[in-house]
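Colleague: Once you've had a glance at the structure underneath, I'll fire off some questions.
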Amino acid sequence: MSLDQIFATRASRMKASEIRELLKLLDQPGIISFAGGIPDPALFPADEFAEAFAAALEPSHQAQALQYSVSEGYLPLRQWIVDQMAGIGIACGVENVLITSGSQQALDYLGKLFLSPGDTALVGWPTYLGALAAFNAYEPRYDQLSINGNRPAADYADAAAISGRVKFAYLSADFANPTGETVDLRGREALLDLAEELDCAVIEDAAYQALRYDGEAVPPILSLEIARKGSIEACRTVYCGSFSKTLSPGLRVGWVVAAQPVIAQMVLLKQAADLHSSTINQMAIARVAERCFDTHILKLRAVYQRRRDAMLDALSRHMPEGVQWTRPEGGMFVWLTLPPGVDGGALLERSLDTVRVAFVPGQAFFADGSGANTLRLSFSCTDEAVIEGGIRRLGELLRSQQPERVC
Ligand SMILES: Cc1ncc(COP(=O)(O)O)c(C=O)c1O
């Protein structure tokens, strides 16, 4: 007997992430990678972290830094987050904040909290692959969240009723992974209306929210709901934040802001899963955030904006007719739609063999397995000259893919 015969049914829904498998190939010499959606390590505030960890290990702090701590998270960090949230229109108290081990952990907990097998999660087509991976374990069905669409709530509810009900709508409203797109104010309000009608939660994934390069900031969905209802305690939106794209992903520190009953239940989940996030990492993040978050963000924005501009410029010069792409106002991603019939997965294989440019084929981001003719490019880790070279090479490859003209 092999043990895989007795895995729980949920295991069959867990698949190796295409992105992680792919990242293994990228160390090969000569590859230009637009694949990983990760921050540029050259931009980590490493000196500030060295100082912060040294401070946490000083005799006066080391007992706390190396000890177990409370599941809710390190209080000064939660307080810093409360102040930060106030700055973007989210009035809350420390009792509304839970520190998680990255926002990925929050997505897992929210899946666990809301989804019984057969319940429906509304997600974008495409959506963040890691959210699908987190939710899959709880055996939901997915339905397409069309924010500005004209699909009435009853339509979603009827479709969900086959095996459960709609439990939440999940989205990244700012500079989404993978598309780079932002939901406008009307779309956010429409989403809140839909959630009211469906009586479901809204999971607002704000992983990239701080990385806006141009255009007007749009208020977070949670802030719009607080404005409607007068208090966070009446809100159905759960906001997931992260320090991964701003300070460091390696420390695994994220946070959730929500009404207290949701936080209380998530604290129980955290106690059962990992007791609390690393104490010393939370202390280091709190110290670095207090000392340099705002100036550091300005630096990140300046660098990533130049790279975004370089990628959009190179795309407009090198892509053949029939290829379309998004124009993100922030974040790390540009999303390409290729002519029908061009398969992103097959293109990647050919690209690695010939022009040696890596990207992520788009299909994995679609819960329904569509999107074969799409791909995601990240501009965060390559400088402008490399971006130009990589996009030129990708353009040449795509041009060679065009169907032969019949004369
Ligand atoms: C949209 C989105 N949400 C959440 C995450 C998870 O980030 P972390 O767990 O590092 O906070 C990522 C990481 O790439 C992401 O792109």
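Colleague: Would you mind telling me the antiparallel percentage of the DSSP bridges in segment 199-284, rounded to 5? Spell out each step's value before the answer.
Modeller: On the way: 4 of 8 bridges.
Antiparallel bridges: around 50 percent, rounded to the nearest 5.
Colleague: For segment 140-179, report the % of Cα-Cα distances exceeding 13 Å.
Modeller: Numbers: 448 of 780 pairs.
When all Cα pairs of segment 140-179 are counted, 57 percent exceed 13 Å.
Colleague: Provide the per-residue ³J(HN,Hα) series for segment 195-211, in order, calculated from phi with Karplus coefficients 6.51, -1.76, 1.60 and θ = phi - 60°, each as a whole number of Hz, with x at glycine and proline positions.
Modeller: Karplus values, whole Hz, x for Gly and Pro: 5, 4, 5, 8, 6, 10, 7, 10, 9, 9, 8, 9, 3, 10, 3, 6, 9.
Colleague: So, one more: For the chain, set up a Gaussian network in which alpha carbons nearer than 10 Å are linked by springs, and say which option among 177, 281, 148 fluctuates the most.
Modeller: 148
Colleague: For 381, 92, which order do you get if you count the other beta carbons within 10 Å of each Cβ and list the fewest first? List each step's numbers first, then the result.
Modeller: On the way: 381 21, 92 24.
Least crowded to most crowded, the residues run 381, 92.
Colleague: Same structure, new question: Just report the Cα centroid separation between segment 193-240 and segment 38-90, whole Å.
Modeller: The two parts, judged by their Cα centres, are 25 Å apart.
Colleague: Based on the Cα gyration tensor of segment 121-276, what are the three equivalent ellipsoid semi-axes, each the root of five times an eigenvalue, rounded to whole Å and given largest first? Numbers along the way, then the final one.
Modeller: Working: eigenvalues 104, 82, 57 Å².
Semi-axes from the Cα gyration tensor: 23, 20, 17 Å.
Colleague: With viscosity set to 1.002 mPa s at 20 °C, what whole-number translational diffusion coefficient in µm²/s follows for segment 201-289 from Stokes-Einstein and a Kirkwood radius over Cα pairs? Write down the numbers at each step before the final one.
Modeller: On the way: Rh = 14.6 Å.
Calculated translational D: 147 µm²/s.
Colleague: Once you have the Cα-Cα distance between residue 234 and residue 349, take 0.36 nm times their residue separation minus that, and quote the gain in nm to one decimal. List each step's numbers first, then the result.
Modeller: Working: separation 115, 0.36 × 115 = 41.40 nm, distance 4.98 nm.
Full extension of this stretch gives 36.4 nm more.
Colleague: What's the extension gain from residue 4 to residue 28 if we count 0.36 nm per residue and subtract their Cα-Cα distance? Could you put the intermediate results ahead of the total?
Modeller: Values: separation 24, 0.36 × 24 = 8.64 nm, distance 3.31 nm.
Gain in length upon complete extension: 5.3 nm.
Colleague: Output the direction-averaged projected area (hull surface divided by four) of the convex hull of the alpha-carbon atoms of segment 268-330, in nm².
Modeller: Working: hull surface 31.0 nm².
Result: 7.8 nm².
Colleague: Against the 2.2 N^0.38 Å scaling, with N counting residues, where does segment 204-256 land? I'd like the Cα-based Rg ratio to two decimal places.
Modeller: Ratio of Cα Rg to 2.2 N^0.38 Å: 1.29.
Colleague: Now for a different question. Divide, for segment 35-146, the radius of gyration over alpha carbons by 2.2 N^0.38 Å, where N is the residue count.
Modeller: 1.39
Colleague: Ignoring the sites themselves, what is the longest stretch of the chain with no GluC sites (Glu not before Pro) in a DSSP loop and at most 16 other beta-carbon atoms within 10 Å?
Modeller: On the way: sites that count: 216, 321, 404.
Segment 1-215 is the longest.
Colleague: Now a separate question. Report D for the chain in µm² per second (integer): Stokes-Einstein, Kirkwood Rh on Cα pairs, 10 °C, 1.306 mPa s. Walk me through the numbers on the way to the answer.
Modeller: On the way: Rh = 22.3 Å.
Answer from the Stokes-Einstein relation: 71 µm²/s.
Colleague: Assuming R0 = 30 Å, can you tell me the calculated FRET efficiency for the pair residue 384 and residue 190, based on Cβ-Cβ distance, to the nearest 0.05? Show your work: numbers first, answer last.
Modeller: On the way: r = 37 Å, r/R0 = 1.25.
After rounding to 0.05, the efficiency reads 0.20.
Colleague: If exposed means no more than 16 neighbouring beta carbons inside 10 Å and the site is in a DSSP loop, what's the longest run of the chain without any exposed trypsin sites (Lys or Arg not before Pro)?
Modeller: Numbers: sites that count: 15, 165, 356, 405.
Counting at most 16 other Cβ atoms within 10 Å as exposed, the longest clean stretch of the chain is 166-355.
Colleague: Take every Cα-Cα pair in segment 168-218 and report what % of them are more than 12 Å apart. Write down the numbers at each step before the final one.
Modeller: On the way: 818 of 1275 pairs.
In whole percent, the share of Cα-Cα pairs in segment 168-218 beyond 12 Å is 64.
Colleague: Based only on the alpha carbon positions, what is the Kirkwood hydrodynamic radius of segment 298-407, in angstrom?
Modeller: One decimal place: 14.4 Å for the Kirkwood radius.
Colleague: Going by how many other beta carbons lie within 10 Å of each one, how would you line up 61, 276, 318, fewest first?
Modeller: On the way: 61 14, 276 21, 318 18.
Going from sparsest to densest Cβ surroundings: 61, 318, 276.
Colleague: By counting other Cβ atoms within 10 Å of each Cβ, how are 125, 335 ranked from fewest to most?
Modeller: On the way: 125 15, 335 23.
Lowest to highest Cβ neighbour count: 125, 335.
Colleague: Something else now. Show which lysines lie in cross-link reach of residue 15 when reach means a straight Cα distance below 28 angstrom and same-chain residues fewer than eight apart are skipped.
Modeller: Within the straight-line cut-off, residue 15 pairs with 24, 112, 167, 245, 270.
Colleague: How many percent of DSSP beta bridges within the chain run antiparallel, rounded to 5? Present the calculation step by step, with values, prior to reporting the outcome.
Modeller: Numbers: 18 of 35 bridges.
Taking every DSSP beta bridge with both residues in the chain, the antiparallel ones total about 50 percent.
Where a number appears in this text, it was derived from the coordinates with a stated rule and is not lab data. Quick caveat: nothing in here was measured; it's all calculated off a predicted structure. For neighbour counting, all protein chains shown are included, and Cβ atoms are generated from backbone atoms with ideal geometry for every residue, glycine included.
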